[in-house]
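All of the numbers you see were taken from the coordinates with simple rules; none came from a lab. Model, not experiment: these values are computed from the prediction. Every residue, glycine among them, receives a Cβ derived from its backbone with ideal geometry; neighbour counts consider all protein chains shown.
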Amino acid sequence: MEDEIQLPPGRVAGVDEAGRGPLAGPVIAGAVILDPSRPIDGLRDSKRLTARRRERLYEEISECALAWAVGRAEVEEIDRINILQASLLAMQRAVQALMPAAEHVLVDGNRCPEFACPAQAIVKGDDKVAAISAASIMAKVTRDREMVDMDRAFPGYGLAQHKGYPSKAHMEALEALGITPIHRRSYAPVRRILERT
């Protein structure tokens, strides 16, 4: 993927998150500074890639990027400060973990958290900026892997399949089995079940 916008000079980190919509699990943000001397083919919005392709790109980004990191906000934080603020917090944590540090940050979406360097929000940035696409992949693969682990810890909910999103199977499992510690209590479908019990 070629960058469709003019990048600022210096170390530019792309930032994106995964997991705003699910009823369970953390929200995870990725931050990636690509190495111009080691281009990566096939970068695009993680949602437009197969799981297998995401996994392969995850490994390539891990090896070839100048720097990459993930940050997270836990279920308790999501419930306390809301999912938007938790997503921004996860992004801050991802960028803070980059070594070397970013000199400029490009964030997918329409708003930026506070960073220690200049930042810009880019709507549909994961389709326009390779580093944001890479960050999207790192966040999505990290979160998907974690939900597979959570499926083993909380069997019966189908977390490995739907990754915590409100699928029919997930809603039926919630009704039958109840709420787990990894479910977001501030989300309406979960809250409604809690109110009935």
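Before moving on, here are some points about what is shown:
- Subset of 47/128; 140/168; 128/163 violating a 20 Å alpha-carbon distance limit: 140/168; 128/163
- For region 91-106, Karplus couplings with θ = phi - 60° (6.51, -1.76, 1.60), whole Hz, Gly/Pro x: 5, 4, 5, 5, 5, 4, 7, 5, 9, x, 6, 6, 9, 7, 10, 10
- Close amide H partners of residue 27, meaning residues 5 or more places away or on another chain with modelled amide H under 5 Å apart, are 73.
- Computed extension gain for residue 191 through residue 167, at 0.36 nm per residue and net of the alpha carbon distance, reaches 7.0 nm.
- Part-to-part distance (alpha-carbon centres) for region 74-134 and region 8-61, which is given in Å: 12 Å
- Placing unit charges on the Cβ atoms of the charged side chains and taking the dipole of the chain about its Cα centre, the candidate lying farthest along the positive direction among 94, 119, 181 is 181.
- Here region 12-196 is treated with +1 on each Lys and Arg Cβ and -1 on each Asp and Glu Cβ, and its dipole about the Cα centre works out to around 540 debye.
- Shape of the chain, Cα gyration tensor, a/c cut at 1.5: prolate
- Each DSSP beta bridge with both residues in the chain is either parallel or antiparallel, and the antiparallel ones are about 65%.
- Taking 0.36 nm per residue of separation and subtracting the Cα-Cα distance, full extension of the segment from residue 85 to residue 62 would add 5.6 nm.
- Whole-Hz ³J(HN,Hα) from phi, Karplus 6.51 cos²θ - 1.76 cosθ + 1.60, for region 179-189, glycine and proline x: 8, 9, x, 9, 8, 7, 5, 7, 7, 3, x
- Positive-end extreme of charge dipole, region 22-111 - chosen from 29, 46, 64 (charges on Cβ): 46
- Computed from backbone phi with θ = phi - 60° and the Karplus coefficients 6.51, -1.76 and 1.60, the 3J(HN,Hα) list for region 121-138 is 8, 10, 5, 6, x, 5, 9, 10, 10, 4, 5, 5, 4, 4, 5, 4, 5, 4 Hz; x is used for glycine and proline.
- Most to least packed among 3-15, 164-176 [average Cβ atoms within 10 Å]: 3-15, 164-176
- Over the chain, relative contact order from alpha-carbon pairs under 8 Å, at least 6 apart, %: 30 percent
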